[in-house]
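Colleague: One structure, pasted below without further comment.
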Amino acid sequence: QVALEYGQAMTVRVCKADGETVPVVVVQNASVLELKKALRRHIQLRQARQGGVQHLSWKYIWRTYHLTFGGEKLADDRKKLREYGIRNRDEVSFIKKLRK
């Protein structure tokens, strides 16, 4: 929260398929992998608070879904969010991968 105040972090809203939007805070020059880790941390914290399902298979989730922004897949985990054009308060979608 403090980093957000000083402009060192940004909020990326992740839209899930069920229409729910999850606000995730990452540093300004975060990579796609850091966004995924922050999303994972946020969801695990929320589930621990609500007492829902304790264990999610994140390996399965990332194999079945991918993040997209402006119609482009965030395929390269090492690439910075800024390189995809993602800024503060932008929305990233969680989309199910199509079968090949």
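The values are calculated or read from the model by the stated rules, or taken from the named source; none is laboratory data. On a predicted model such as this, the values are computed, not experimentally measured, just so you know. A quick note on method: Cβ atoms are made from the backbone with ideal geometry, for glycine too, and the neighbour counts reach across all protein chains shown. These area figures cover heavy atoms from the full protein model, side chains too; ligands, DNA and RNA do not enter into them. Shrake-Rupley method; radii C 1.70, N 1.55, O 1.52, S 1.80 Å.
Colleague: So for the chain, taking the charge dipole from beta-carbon charges (+1 Lys/Arg, -1 Asp/Glu), which of 94, 65, 43 sits furthest toward the positive end?
Modeller: Positive-most Cα among the choices belongs to 65.
Colleague: In region 60-100, which residues have a backbone nitrogen under 17 Å from the label point lying 7 Å from residue 37's Cα in the Cα-to-Cβ direction?
Modeller: Counting only backbone N, you get 62, 76-82.
Colleague: Can you order the peptides 61-68, 30-37 by their average number of other Cβ atoms within 10 Å per residue, highest first? Each step should come with its number before you reach the end.
Modeller: Numbers: 61-68: 14.8, 30-37: 18.6.
The most tightly packed comes first, giving 30-37, 61-68.
Colleague: For the pair residue 28 and residue 72, how long in nm is the line joining their label points, each one 7 Å along Cα→Cβ?
Modeller: About 2.1 nm, to one decimal.
Colleague: How much mean residue ellipticity at 222 nm does the chain get from its helices, if each DSSP H run of length 4 or more adds -39500 (n - 2.57) and you divide by all residues, to the nearest 500 deg cm²/dmol?
Modeller: That comes out to -9000 deg cm²/dmol.
Colleague: Using a 1.4 Å probe over the heavy atoms of the protein chains, calculate the carbon and sulfur portion of the accessible area of the chain as a whole percent. Intermediate values should be presented prior to the final figure.
Modeller: Numbers: 3480 of 7020 Å².
Roughly 50 percent, rounded to a whole number.
Colleague: Taking a probe of 1.4 Å, how large is the accessible area per residue of the chain, in Å²?
Modeller: Counting only protein heavy atoms, the per-residue value for the chain is 70 Å².
Colleague: In Å, what is the Rg of the alpha-carbon atoms in the chain, and how long is Dmax?
Modeller: Final numbers for Rg and Dmax: 13.6, 45 Å.
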